[in-house]
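A short reminder: the numbers here are calculations on the coordinates, not readings from a lab. All of these numbers come straight from a predicted model, not from anything done at the bench. Positions of Cβ are backbone-derived with ideal geometry, glycine not excepted, and every protein chain shown enters the neighbour counts.
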Amino acid sequence: MSEVSFQTVPVPDRYVLRVYSCITEWTAEDQAVADGEVGAAGDDEVSLDPYEESWSLPEPEIWSAKDLKSLSQDSVKTARIVTKMLDFLATKPETFLRSDIIGREINVKAESVTAALRWLNRYFGSRYGRTDRPFTEMYGEYGVTVAQAKAWTDVRQN
């Protein structure tokens, strides 16, 4: 395999997901061509472009109301930050934002949001016996699906 070199290219924030999508698509095409699996791209290709109208997130497992309520009432700093984060993200389903932007929106230092996100697997594993999250991460950005937002909002309203 040939050596890969990288270039630094400034990309406006609004295009980062599109660039990731293109790189993923091009890499898959290059690999398929190298493996002799395909020639030119055909009409039956599945697009990974999140900006296409037909694109949608795969639906993750939705946490139970009991676990969501427990999370929202936990006094541990990580839980308080995630609760604020979910309160904010639930108002904007399927909108994905970087942790620094979320921190600014919920009035929590970006470093604290990042630290809380790093500790989640350990925290969720010890408290709930699970490591999946009540939100979705995509390309280093965080958001909630419509179903996750509804589950969270229902718990918070009761």
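For the reader, a short list of remarks on this structure follows.
- Per-q log10 I(q)/I(0), region 104-158, q = 0.12, 0.18, 0.24, 0.27 Å⁻¹ (Debye; single scatterer per alpha-carbon; no solvent): -0.34, -0.79, -1.20, -1.21
- Restricting region 59-110 to GluC sites (Glu not before Pro) that sit in a DSSP loop and have at most 13 other Cβ atoms within 10 Å of their own Cβ leaves Glu61.
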